[in-house]
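**Q** Please see the structure below; I have some questions.
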Amino acid sequence: MRGELLRFNGAVERDPAIDAWLKAHSDERGAIARHWFEVMRNCGDEVRELLHDGCPVACLGDAPFAYVNVFRSHVNVGFFQGASLPDPSLLLQGTGKYMRHVKLRPGTPADDAALSRLVATAYADIKERVENG
């Protein structure tokens with residue numbers, strides 16, 4: 001499923017608007033979102049970020065690889081190229097051509113190791129796509 005990459009203008013090393021967004025979500029769902037966005041931020045020195053469609057997005061340069069979003073009862077950890085990511089733990093949901101997400105609910109155990117691997121894989125995947133076409 002290779003094609004032209006989605007690109008966003010305006011990604012920066014650390015976006016104060018994202019920190020404000022994360023701070024504004026101060027409940028359990030916000031804590032989940034903060035944790036997973038920090039995992040995304042820590043993927044590599046080239047990670048950049050921006051708010052897109054009202055949620056924090058992690059990019060490699062201008063190419064997005066993952067995002068978090070808070071909903072009434074859950075948090076989505078989403079992947080822009082999720083449909084092509086290996087998912088041996090079957091965490092990914094969705095039927096879009098490219099995007100997939102993982103739903104996390106407060107008080108419900110999550111497979112943190114498998115989700116951490118998905119985030120790292122999404123970063124490695126976008127890096128390979130950007131660098132090698």
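Taken together, the values in this text are just the output of simple stated rules run on the coordinates, not laboratory data. What you see is a predicted model, and the numbers here were worked out from it, not measured in a lab. Cβ sites come from the backbone with ideal geometry, for glycine too, and all protein chains shown count toward neighbours.
**Q** Return the sequence-ordered ³J(HN,Hα) values of the stretch 113-126 in whole Hz as given by the Karplus equation 6.51 cos²θ - 1.76 cosθ + 1.60 applied to θ = phi - 60°, using x for Gly and Pro.
**A** 5, 5, 5, 4, 5, 4, 4, 4, 5, 4, 5, 4, 5, 5
**Q** Which length gain, in nm to one decimal place, applies between Cys55 and Val12 when the Cα-Cα distance is subtracted from 0.36 nm times their residue separation?
**A** Net length gain for the segment: 14.0 nm.
**Q** Collect residues whose amide H, placed 1.01 Å from N in the peptide plane, falls under 5 Å from the amide H of Arg100; neighbours closer than 5 in sequence don't count.
**A** Phe79, Gly82, Ala83
**Q** Here's a follow-up. If each residue's Cβ is checked for other Cβ atoms within 10 Å, how do Tyr98, Tyr123, Tyr67 rank with the fewest at the top?
**A** Tyr98, Tyr123, Tyr67
**Q** Using only the C-alpha atoms of the stretch 23-90, find the volume of their convex hull and express it per residue in Å³.
**A** In the stretch 23-90, the Cα convex hull volume per residue is 110 Å³.
**Q** Calculate one ³J(HN,Hα) per residue across the stretch 75-87 by plugging θ = phi - 60° into the Karplus curve 6.51 cos²θ - 1.76 cosθ + 1.60, and present them in order as whole Hz with x for glycine and proline.
**A** Ordered by residue, 3J(HN,Hα) equals 10, 9, 10, x, 9, 5, 10, x, 5, 9, 7, x, 9 Hz.
**Q** So what's the back-of-envelope 222 nm ellipticity for the chain, counting only DSSP H runs of four-plus at -39500 (n - 2.57) apiece and dividing by all residues, rounded to 500?
**A** So the helix-based figure for the chain works out to -11000 deg cm²/dmol.
**Q** Here is a follow-up. Taking neighbour Cβ counts within 10 Å as the exposure measure, how do Phe71, Phe80, Phe8 sort from fewest upward?
**A** Lowest to highest Cβ neighbour count: Phe71, Phe8, Phe80.
**Q** What is the sum of charges around Phe8, taking Lys and Arg as +1, Asp and Glu as -1, for the other residues whose C-beta is under 13 Å from the C-beta of Phe8?
**A** Overall, the nearby charge balance is -2.
**Q** How large are Rg and Dmax for the chain when calculated on the C-alpha trace, in angstrom?
**A** Every Cα atom of the chain included, Rg and Dmax give 13.8, 41 Å.
**Q** If you place +1 on the Cβ of every Lys and Arg and -1 on the Cβ of every Asp and Glu, how big does the dipole about the Cα centre of the stretch 16-128 come out, in debye to the nearest 20?
**A** 360 debye
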